[in-house]
Ligand code: PAN
Ligand code: ZN
């Protein structure tokens with residue numbers, strides 16, 4: 001057998017900020033206009049600049065969506081900011097195949113990972129550079145930027161997990177993260 005040649009990796013992640021580059025990296029973004037039902041204060045949301053970037057993602061999907069036993073991964077870049085005193089956050093979802101787990105790992109910034117079980121009980125984990133977070137089966141998950149700089153974190157999840165945004169759009173999370181006194185987050189149960 002001939003010796004294999006050494007080839008460079010086709011995708012790279014910059015560890016300081018999570019920037020992903022290379023083959024097949026797909027970019028997406030969510031602006032304020034896309035996040036109508038997300039924030040509690042709909043008047044504050046409506047008076048904000050619709051073009052304001054809230055977060056973007058850079059992901060690699062090496063197999064077709066829905067493939068059993070494959071993996072997807074990528075980075076989410078969540079901007080700092082508030083709407084009506086509520087920190088910028090992701091839409092949040094539960095996986096369409098809700099028993100599919102996921103791992104998050106923080107590159108830069110500070111944030112919160114809100115995990116909500118099917119009984120609407122929440123666990124909130126602090127995200128700081130290097131923190132690793134396991135999203136259990138059946139948990140709705142949303143991230144919140146509680147700092148003054150971009151929060152970036154990596155994620156890796158099964159390619160047959162899918163997304164269910166409807167359940168969150170209808171009933172929301174039972175906890176909201178508001179900027180409190182001294183810039184610290186207040187968790188408000190709703
Ligand atoms: C992540 C999320 C990403 C954006 O890759 O999709 O952070 O959040 P929303 O999907 O809630 O807008 C993930 O959890 N994938 O399963
Ligand atoms: Zn997910």
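Every number here is computed from the coordinates shown, using simple stated rules; none is lab data. Note that the coordinates shown come from a computational prediction; the quantities given were computed from them, not determined experimentally. Glycine also receives a Cβ, built like all others from the backbone with ideal geometry; neighbour counts cover every protein chain displayed.
Given the structure, is residue 91 touching a residue at least 40 places away in the same chain (Cβ under 8 Å) and in contact with a helix residue (DSSP H, G or I) (Cβ under 7 Å, 6 or more places away or on another chain)? Answer is yes for this residue. Out of all the residues in the stretch 75-88, is one or more within 20 Å of residue 48 (Cβ to Cβ), more than 14 Å from ligand 2 (Cβ to nearest atom) and touching a helix residue (DSSP H, G or I) at 6+ places or on another chain (Cβ under 7 Å)? Yes; the residues of the stretch 75-88 include at least one that is within 20 Å of residue 48 (Cβ to Cβ), more than 14 Å from ligand 2 (Cβ to nearest atom) and touching a helix residue (DSSP H, G or I) at 6+ places or on another chain (Cβ under 7 Å). Residue 132 passes every criterion in (1) closer than 20 Å to residue 71 by Cβ; (2) in contact with a helix residue (DSSP H, G or I) (Cβ under 7 Å, 6 or more places away or on another chain); (3) surrounded by fewer than 19 Cβ atoms within 10 Å (Cβ to Cβ) apart from (2).
In the stretch 36-47, of all residues being touching a strand residue (DSSP E or B) at 6+ places or on another chain (Cβ under 9 Å) and surrounded by fewer than 20 Cβ atoms within 10 Å (Cβ to Cβ), the one that is nearest to residue 142 (Cα to Cα) corresponds to 40.
Could you say which residue among 20, 7, 11, 54 is over 25 Å from residue 110 (Cα atoms) and within 16 Å of ligand 1 (Cβ to nearest atom)? When all the criteria are applied, what remains is 11.
Listed here are the strands (runs of 3 or more DSSP E) enclosed by the stretch 143-190 that have at least 3 residues being surrounded by 18 or more Cβ atoms within 10 Å (Cβ to Cβ), within 15 Å of ligand 1 (Cβ to nearest atom) and in contact (Cβ under 8 Å) with a residue 60 or more places away in the chain: 151-158.
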